[in-house]
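To keep things clear, I will list the structure first and then write my remarks on it.
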Amino acid sequence: MKLVILVCLAVVALAAPKPEDLPPIVQVLRDEREHGEGGNFRYLIETDNGIFMEAAGAPGVAGQSNIQGSYRLISPEGILEEVRFIADELGVRAESPLLPTPPPAPAHAVEQMRLAEEQRALEFTAQ
């Protein structure tokens, strides 16, 4: 029985993660939060590994929360990357060079869009 317990303890000791295998501990440098009247809020969080997040929000006209903010982080290549966003009754819109972009529209589609805009302008001026 003692041998079984010793073998189990040895297996547990061998399976335990080594300190160099553990992810680094991230320290929070700033954590600011404000909760205002009527659902307004603001937060800002910054860590020692380069992550920075901030956002502010307020109730929207359709019952949603309107939020505007950004976050930054350091990529695996060591480049500081940023994403800015707005979320409101029109949906979510984000801006960043990190986000994928669609390929350019073919020439015939661009021409069709130009013609459609001309027709809309003519209809608007005729009214």
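Taken over the stretch 34-63, the criterion of being more than 17 Å from Arg84 (Cβ to Cβ), without any contact (Cβ under 8 Å) to a residue 24 or more places away in the chain and small (Gly, Ala, Ser) is satisfied by Gly36, Gly38, Ala58, Gly63. Only one entry in Gln64, Gln68, Gln112, Gln119 is open to solvent by 80 Å² or more (accessible area, probe 1.4 Å), within 30 Å of Gly39 (Cβ to Cβ) and of a type in the set (S, T, N, Q), namely Gln68. Of all residues in the stretch 64-93, those that are free of Cβ contacts under 8 Å to residues at least 60 places away in the same chain have Cβ atoms under 8 Å from Cβ atoms of residues that are among the aromatic types (Phe, Trp, Tyr) and open to solvent by 70 Å² or more (accessible area, probe 1.4 Å), 6 or more apart or on another chain, in Glu82/Tyr71; Val83/Tyr71.
Set side by side, the residues Pro59, Pro100, Pro19 differ, and just one is of a type outside the set (Ser, Thr, Tyr) and touching a helix residue (DSSP H, G or I) at 6+ places or on another chain (Cβ under 9 Å), which is Pro59. Screening the stretch 45-61 for residues that are more than 21 Å from Arg30 (Cβ to Cβ) and open to solvent by 40 Å² or more (accessible area, probe 1.4 Å) and picking the one that is modelled with the highest pLDDT gives Pro59. If you check Val83, Val12 for being of a type in the set (A, V, I, L, M, F, W, C) and either assigned to a loop (DSSP other than H, G, I, E, B) or open to solvent by 70 Å² or more (accessible area, probe 1.4 Å) (or both), only one passes: Val12.
Restricting Ala105, Ala94 to those that are open to solvent by less than 100 Å² (accessible area, probe 1.4 Å) and not in a strand (DSSP E or B) reduces the list to Ala105.
Pro24 passes every criterion in (1) open to solvent by 70 Å² or more (accessible area, probe 1.4 Å); (2) assigned to a strand (DSSP E or B); (3) not polar (S, T, N, Q) apart from (2). Among the residues of the stretch 80-109, the ones that are hydrophobic (A, V, I, L, M, F, W, C) and at pLDDT 90 or above come to 9 in all.
The values are calculated or read from the model by the stated rules, or taken from the named source; none is laboratory data. As the structure is a computational prediction, the values presented were derived from the model and not from experiment. A quick note on method: Cβ atoms are made from the backbone with ideal geometry, for glycine too, and the neighbour counts reach across all protein chains shown. We work out accessible area using only protein heavy atoms, side chains counted, and drop any ligands, DNA or RNA first. Shrake-Rupley method; radii C 1.70, N 1.55, O 1.52, S 1.80 Å.
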